[in-house]
Each structure stands twice: as structure tokens, then as C-alpha cells.
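Quick note: the coordinates plus some simple rules give every number you see, no bench work behind them. Source: prediction; values computed, not measured. All Cβ positions, glycine included, derive from the backbone under ideal geometry; neighbour counts span all protein chains shown.
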Amino acid sequence: MARPRQFDEAVALDAAVRCFWARGYEATSVRELAAGMGMTGASLYNAFGDKRALYRRALDHYLDASVRDRIARLEGSLPPREAIAAFLHEVLERSLSDRRRRGCLLVNSALEVGPHDPGFRRVVAHELTQIEAFFLRCVEAARASGALHSDQTSEDLARLLLGVLLGLRVLARTRPRRELLEGLLRPALAMLGPAPSARRH
């Protein structure tokens, strides 16, 4: 009979996310990971496999608590245009409040790991496709409800919003100024039509 694991997996993955997020994949050693997670190196390997496997688990854990949670929460509770706006503004506020300028772990993975690791490139591409699909569902729903009138196709608007999101995350790491980031969002959201409060006036 296998012995139960003597650690909280979610807590350990939280610690792994913090380590990778602070230093990146290549610069984070297994020794640093084990210390940060409160485990021995052998226990880490037994529980999660090698560093690459742990990074994959940590990224998945990060996405569950951030991007995936945000999509499910906003898409299920707000009208489509407002869901898009709330998604982007939440990311803006998180970016501005991140004093260590760590950025987004998914975007960091795309820039650091993706170019050199075909397996991770596919993982990142899949996750970015899921975000684009969220934008597309919202745009199409807004168009169907009559809240959106645009000559641009729904697909192109979704791609634009994905590009704005990625640009916001990258800019915030080097120029985390509210006026800059809000200036990036305003014209993109304007293409989706006025906010409900503006339409009532």
C-alpha cells in the first residue's frame, strides 16, 4: 500500500510558481525549487518529475488560478462587451500592482521557453488560443445581441484583443504607467462600441 504524500500539493505548486515567476525557467535551479517548496530534491522528483515536468505543472496551476478563473467568472456573470472590458482591466490592475514586474507567467513562457521547446510552444499556443476563443465568443455574442456594430470580422476583433492583451503584459514589465496602459486599452475597447453607461446618455 502506497504511503500518502506528506505535503500539500497546491501549496507546493504555489511555491514553484513563485520561484519560476521570479527568476524564469532557465535561471531557477532544482535546488532553489526544492528549498522554496520545502522539499528535498529527491521528494521533488518523486512527486513532480524533473524540472521541465514541474514547470508544466506550475504553469497549469498558475493558469487555473488566473486566466482560466477570470474567463469563467466574467463570462458567466457579465454581458459580453463588459466581460471583455473587465478581463482587460483586471489584467491592467494586476500589472500595475506587481511591484516586481514579473509579468504573466504564460507570456514569459512564450518568450523564454517556447522558442526552444516545441512541446512547450504547443502548450503556450493552446492556452493563447483559449484566450482568443473567449474574446471571440464575447464578440460574437455582443454582435448577436445588437450591442456591437463593427465592419471588422469577429475573428479579427478577437485577434486584436489578444494582441492588446499580450502587448499590455509586455509593456507593463518595462513601462508600468497607468496612462500608457489605459491608452492601449481605450481604442481597442472603443472598437467594441460604447460602454452601457455611455449608451444611456
Problem set entry | For the chain: relative contact order, % (alpha-carbon pairs under 8 angstrom, 6 or more apart) | 20 percent
For this session: Can you pull the one-decimal nm distance between simple spin-label points at E9 and A190, each 7 Å off the Cα toward Cβ?
Result: 4.9 nm
For this session: With label points built 7 Å along Cα→Cβ from the Cα atoms of R99 and R121, find their separation and express it in nm.
Result: 3.9 nm
For this session: Provide Y45, Y62 in ascending order of the number of other Cβ atoms located within 10 Å of each residue's Cβ, fewest first.
Result: Y45, Y62
Seminar exercise, completed: In cubic angstrom per residue, the convex hull of region 9-58 built on its Cα atoms measures 58 Å³
For this session: Mind checking the full-extension length gain between L180 and A42? Use 0.36 nm per residue of separation minus the Cα-Cα distance, one decimal, nm.
Result: 45.0 nm
Problem set entry | Calculated [θ] (222 nm, deg cm²/dmol) that DSSP helices of n ≥ 4 give over the chain, each run adding -39,500 (n - 2.57) | -23500 deg cm²/dmol
For this session: Rank these for me by crowding, H126, H89, going from fewest to most other beta carbons within 10 Å.
Result: H126, H89
Exercise. Which value, to two decimals, describes the C-alpha radius of gyration of region 121-191 once divided by 2.2 N^0.38 Å?
Worked result: 1.21
For this session: Decide, for the chain, between rounded, prolate and oblate: order the square roots of the alpha carbon gyration tensor eigenvalues as a ≥ b ≥ c, take rounded if a/c falls under 1.5, and otherwise choose prolate if a/b is larger than b/c, else oblate.
Result: prolate
Exercise. Could you give the dipole magnitude of region 66-192 about its Cα centre, charging the beta-carbon of Lys and Arg +1 and that of Asp and Glu -1, in debye to the nearest 20?
Worked result: 560 debye
